[in-house]
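To start, the structure itself, in structure tokens.
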Amino acid sequence: MVWFAQAIKALHKSRGFDIVLKKVKQTDRPDFPFYEAVSLLLTADIFQQSGHRVQFEPEIAEFTKKPDLMVTDLISGKDTVVEVTELTMTKDEITSSLMHQAIVQVVHSSEAWPACHFKCHTIVDGQDLEDLLLQVRKAVTEVTRRSTFVALEVNGVLSLGAAPRADDEVLRSWSRDNGILGMSGAPVKIDEYPRIRRKIRDKSNQFPFDLPNVLVIHADHLLVEEASLKEAIGEIGPYLAKHPHILGVLIYSRTAFATSEPPAPVAQGLNWIIGRNEPYPNWVFVANPASNSSKAEALSKRLRETILLACTRLHRTGEVPV
């Protein structure tokens, strides 16, 4: 990963970098400190690019908890405390993801590598998933044997169509008629916003009250369409007002938008969204309406410019962070 190597090179002289480097090297730990370290490096890299000096796990006078980062604006000299956390996947989200990956693997394991669209309607695992994969394998084999389009319908579980890549017009027509776009996993009904509010509440107690603070949440599988980003601002903003010492929350998702164009900002003022088409990352900054607006505005402006540049670089090079 080019980005990963560049981030380590750019940050290796930062105070406390040896702490995060130890986590990067611990790839065999069951609590995944490696992935925590990657999230921390990504966040530190963004702040450094936006004109901040970065310090990992700094000591703050009269404050026992060491925050993840202290970032110092190189122009104003002002410090901001940053905590980084992840919104981990639920059991259903993991099961749905594994089911999706298993179907994709079966389709791509064929030497013919057929074009394929499918939609999972419900989650299955265990023996039910094994039986389903057997049917998918038979359908893919049939496409290869007959060199023609094949549709598989497993009632209430899966709709799948496959065709030779050189002759996929029937597949595209079938997909349009059935409202299927690409390869879609089973939907998971879960309200993520109570989890985000709990993260804000818990982290709020870990922030010093005499310094500006920013909470960064890496929340893959949350920001999957423009509507969900608008919802995020509406759900998180009012709750943040209960914690005025937090300037805002920066949410990052490696999940791509379902829309064909990058979305426009969804609100005036400090709330903004940056997104790109697959496979580029999405960001949303939700400013705290009760915090110091001038500090939040200055910080969000610097971050926005940096992330826009990062997305432009991604678009040009094809390099995708983690």
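The values are calculated or read from the model by the stated rules, or taken from the named source; none is laboratory data. For clarity, every value in this text was computed on a predicted model and none was experimentally measured. In this analysis, Cβ positions are derived from the backbone assuming ideal geometry, glycine residues included, and neighbour counts consider all displayed protein chains.
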Filtering the stretch 89-111 down to residues that are part of a loop (DSSP other than H, G, I, E, B) and surrounded by 14 or more Cβ atoms within 10 Å (Cβ to Cβ) yields 89, 90, 110
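Residue-wise test of (1) of a type outside the set (Ser, Thr, Tyr); (2) at pLDDT 85 or above; (3) assigned to a loop (DSSP other than H, G, I, E, B).
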| position | (1), (2), (3) |
| --- | --- |
| 203 | yes, yes, no |
| 208 | yes, yes, yes |
| 211 | yes, no, yes |
| 214 | yes, yes, no |
| 221 | yes, no, yes |
| 224 | yes, no, yes |
| 227 | yes, no, no |
| 232 | yes, no, no |
| 236 | yes, no, no |
Of (1) under 19 Å from residue 245 (Cβ atoms); (2) under 27 Å from the mean Cα position of the chain (by Cα), residue 124 fails just (1)
Residue count, the stretch 136-152, condition part of a helix (DSSP H, G or I) and farther than 19 Å from residue 95 by Cβ, comes to 10
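Conditions (1) in a loop (DSSP other than H, G, I, E, B); (2) at pLDDT below 85, marked per residue:
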position: 7; (1), (2): no, yes
position: 28; (1), (2): yes, yes
position: 35; (1), (2): no, yes
position: 83; (1), (2): no, no
Residues of the stretch 39-58 being part of a loop (DSSP other than H, G, I, E, B) and at pLDDT below 85, in sequence order, are 50, 51
Within the stretch 154-180, the count of residues that are touching a helix residue (DSSP H, G or I) at 6+ places or on another chain (Cβ under 7 Å), more than 22 Å from residue 111 (Cβ to Cβ) and assigned to a loop (DSSP other than H, G, I, E, B) comes to 1
